[in-house]
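Down below is the structure, laid out as structure tokens.
The values are calculated or read from the model by the stated rules, or taken from the named source; none is laboratory data. Quick caveat: nothing in here was measured; it's all calculated off a predicted structure. For neighbour counting, all protein chains shown are included, and Cβ atoms are generated from backbone atoms with ideal geometry for every residue, glycine included. Accessible surface is based on the protein model in full, side chains and every heavy atom, while ligands, DNA and RNA are left aside. Shrake-Rupley method; radii C 1.70, N 1.55, O 1.52, S 1.80 Å.
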Amino acid sequence: MLAKRIIPCLDVKDGRTVKGVNFIDLRDAGSALDLASFYSKQGADELVFLDITATVENRGTMVSLVEDVARNISIPFTVGGGIRGESDVERMLGAGADKISVNSAAIRNHGLLDVLARRFGSQCIVLALDAKANPALPSGYEAVIDGGRTPSGLDALLWAKEAADRGAGEILLTSMDKDGTKDGFAVDLTRIISGNIDIPVIASGGAGKMDDFRTVFMDGMADAALAASVFHFHEIDIPELKHYLKASGIPVR
């Protein structure tokens, strides 16, 4: 088994880190720059930065904040929110990001993934897939866009497969139903996606205790697990989590 990754996520609005439940009722969690520096020193394997209102506000990601974060951390750094085309990716990579995450723009233009992977390489293209339960679809889950505001009508598994074929190098899979609830990752959803594609899957949404991470790695077949509030509010510390996982027989870095 390859080493599993632990990834804190900074959902950023107006330069501050925020966290909500099911993508709403946001509360302040502190300075994005301070938290990024803290996680880098704590031993996080990577960091994800999502400008959560860039798409719906029809603007680009905050470049200056990305530059500041990149200067203050020593771990791989993924940036998402408001990524619409090649120039946005070029801007973020130039600002110090190692990978970019794209969601709504890729669903509105599936060919965007082909273009980005061809120019920048699959290794830095992450498909952000926000999934919500929909029993009317074959997998039981629907891809949702615009920060959880707009149903796409796309089956989440079919979209994940297509994205992988088009050149996405990784999928950041967030369960909208589990987001912020702290009652465990969406293990069934994660297993459905992970078990049917050949690229790494990052599980996101629902982390509440250390055993949730063990479960999503073992039963959900996730390659990495992302969390926000349990890290931001010190309910779980990354060094303790890694010690717990190692003791549970799960390889971590």
Next on the checklist: With the structure loaded, tell me whether Glu240 is out of contact with any His (no Cβ under 6 Å at 6 or more places or on another chain), open to solvent by 20 Å² or more (accessible area, probe 1.4 Å), part of a strand (DSSP E or B) and modelled with pLDDT of 95 or more or whether it fails that test.
Outcome noted: no
Checklist outcome for this item: Given (1) at pLDDT 95 or above; (2) open to solvent by less than 50 Å² (accessible area, probe 1.4 Å), Gly81 misses just (1)
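Okay, residues lined up against (1) part of a helix (DSSP H, G or I); (2) over 17 Å from the mean Cα position of the chain (by Cα); (3) at pLDDT below 95; (4) closer than 20 Å to Asp11 by Cβ:
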{"site": "Trp159", "(1), (2), (3), (4)": "yes, no, no, no"}
{"site": "Glu162", "(1), (2), (3), (4)": "yes, yes, no, no"}
{"site": "Asp165", "(1), (2), (3), (4)": "yes, yes, no, no"}
{"site": "Lys178", "(1), (2), (3), (4)": "no, no, yes, yes"}
{"site": "Lys182", "(1), (2), (3), (4)": "no, no, yes, yes"}
{"site": "Ala207", "(1), (2), (3), (4)": "no, no, no, yes"}
{"site": "Thr215", "(1), (2), (3), (4)": "yes, yes, no, no"}
Checklist entry - What number goes with the only condition from (1) open to solvent by 50 Å² or more (accessible area, probe 1.4 Å); (2) in contact with a Pro (Cβ under 7 Å, 6 or more places away or on another chain) that Ala227 does not pass? => result (1)
Checklist entry - Is it the case that region 125-137 has a residue that's surrounded by 16 or more Cβ atoms within 10 Å (Cβ to Cβ), assigned to a loop (DSSP other than H, G, I, E, B) and either at pLDDT below 95 or more than 18 Å from the chain's Cα centre (by Cα) (or both)? => result yes
Item to check | Gly60 being outside any strand (DSSP E or B), at pLDDT below 95 and under 29 Å from Ala186 (Cβ atoms) | outcome: no
Item to check | Filtered residues of region 226-253 (kept if of a type in the set (Ser, Thr, Tyr) and within 20 Å of the chain's Cα centre (by Cα)) | outcome: Ser229
Checklist outcome for this item: Checked region 86-117 for anything open to solvent by 30 Å² or more (accessible area, probe 1.4 Å) and either more than 19 Å from Glu67 (Cα to Cα) or assigned to a helix (DSSP H, G or I) (or both); matches are Glu86, Ser87, Glu90, Arg91, Leu93, Gly94, Arg108, Asn109, His110, Asp114, Val115
Checklist entry - Just to be sure, is Ser152 open to solvent by 20 Å² or more (accessible area, probe 1.4 Å) and of a type in the set (S, T, N, Q)? => result yes
Next on the checklist: Yes or no: region 33-49 includes at least one residue that is at pLDDT 80 or above, among the acidic types (Asp, Glu) and buried (at least 22 other Cβ atoms within 10 Å of the Cβ).
Outcome noted: yes
Item to check | Condition broken by Gly249, with the remaining ones in (1) crowded, with 19+ Cβ neighbours inside 10 Å; (2) more than 26 Å from Leu35 (Cα to Cα) satisfied | outcome: (1)
Next on the checklist: Please go through region 181-219 and give me each residue that is open to solvent by 20 Å² or more (accessible area, probe 1.4 Å) and at positive phi, ordered by number.
Outcome noted: Lys182
Checklist entry - Checking Phe120 against (1) closer than 25 Å to Asp68 by Cα; (2) open to solvent by less than 30 Å² (accessible area, probe 1.4 Å), which test does it fail? => result (2)
Checklist outcome for this item: If we ask which residues in region 120-149 are of a type in the set (S, T, N, Q) and without any contact (Cβ under 8 Å) to a residue 40 or more places away in the chain, their number turns out to be 1
Checklist entry - Of (1) among the β-branched types (Val, Ile, Thr); (2) within 28 Å of Phe233 (Cα to Cα); (3) not in a loop (DSSP other than H, G, I, E, B), Ile192 satisfies all except one. Which? => result (2)
